[in-house]
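Heads up, the thing below is written out as structure tokens.
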Amino acid sequence: MIHVHHLEKSRSHRILWLLEVLELDYEIHVYQRDPKTQLAPDALKQIHPLGKSPVITDGELVIAESGAIIDYLIQHYGNGRLQPSADNTREWVDYRYWLHYAEGSLMPLLVMQLVFTKMPAQSPWLIKPVAKGIGDTVIQRFLSPQIKRHLSVIEAHLAKRGNFAGEWPSGADIQMSFPLQAIGGTQSLAAYPAMAEFVKRIDDDPAWQRVVERAGPLTMPGG
């Protein structure tokens, strides 16, 4: 039995989606964020020393990091599904690129945007105006242009082929699901129709619907 250590308002929904796609038995252990800090509880550190989610346990193995978990589950339980063959070099490269891009390039920008957006509300009242000015400047001059550039690249890729790599849903599609759902939850995707269609495709997927029934809808930190 695979155990998923699932933190509310976290990226672990996509691991549940993968398990549902693979039709594997699993058990969910739910952890609640601290209502003030929005941080994970110390109980998660008993599973993995960083106290982050998602984390899975499979027998004596403890596996953290979404990309590593996706790789492990597909390699051990996929039976050749959900990732392109290494013989198909173009597809294989696309698959690996998007699998690592989600957390390596896109998510850091989205997390920084969230931090700077929330910074004024979490600052002492005396410096709230200063904190807001700093946050607005960083978002407007650095983060927004960078994120817009990334979204244009993603939109162009999805407009051309509909998903990220391989057959739907590949491990890369599952890895990219969280950042695109996060973006769609905070802004309109009208300017990015291919991205909007990708997010809708997730919502319509029976495996994703089983995740929502079992773990509840995806919500975001701070939301």
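Structure notes:
- In segment 89-97, the condition of being surrounded by 13 or more Cβ atoms within 10 Å (Cβ to Cβ), part of a helix (DSSP H, G or I) and at pLDDT below 90 is met by no residue.
- Some residue of segment 54-64 being in contact with a strand residue (DSSP E or B) (Cβ under 7 Å, 6 or more places away or on another chain), charged (D, E, K, R), at pLDDT below 95 and surrounded by 16 or more Cβ atoms within 10 Å (Cβ to Cβ): no
- Residues of segment 182-207 satisfying the condition of being in a helix (DSSP H, G or I) and either over 23 Å from Tyr97 (Cβ atoms) or modelled with pLDDT under 95 (or both): Ala182, Ile183, Gly184, Gly185, Thr186, Lys200, Asp203, Asp204, Pro206, Ala207
- Screening Gly135 with (1) touching a Phe, Trp or Tyr at 6+ places or on another chain (Cβ under 7 Å); (2) modelled with pLDDT of 95 or more gives one miss only, at (2).
- Single residue of segment 1-20 satisfying the filter (part of a helix (DSSP H, G or I) and not charged (D, E, K, R)) that is modelled with the lowest pLDDT: His13
- Test set (1) more than 30 Å from Asp34 (Cα to Cα); (2) loosely packed, with under 12 Cβ neighbours inside 10 Å - Glu213 fails condition number: (1)
- Every condition in (1) modelled with pLDDT of 95 or more; (2) part of a helix (DSSP H, G or I); (3) loosely packed, with under 13 Cβ neighbours inside 10 Å holds for Glu23 except the one numbered (2).
- Residue satisfying all of: in segment 163-181; outside any helix (DSSP H, G or I) and out of contact with any helix residue (DSSP H, G or I) (no Cβ under 7 Å at 6 or more places or on another chain); farthest from Pro54 (Cα to Cα) among these: Glu167
- Some residue of segment 8-30 being without any contact (Cβ under 8 Å) to a residue 12 or more places away in the chain, of a type in the set (Asp, Glu) and over 20 Å from Ile174 (Cβ atoms): no
- Among the conditions (1) within 18 Å of Val62 (Cβ to Cβ); (2) crowded, with 22+ Cβ neighbours inside 10 Å; (3) not charged (D, E, K, R), the only one that His48 does not satisfy is (2).
- In segment 30-81, the residues that are of a type in the set (A, V, I, L, M, F, W, C) and in a strand (DSSP E or B): Val30, Val55, Ile56, Leu61, Val62, Ile63, Ala64
The values are calculated or read from the model by the stated rules, or taken from the named source; none is laboratory data. Quick caveat: nothing in here was measured; it's all calculated off a predicted structure. Backbone-built Cβ (ideal geometry, glycine too); neighbour counts: all protein chains shown.
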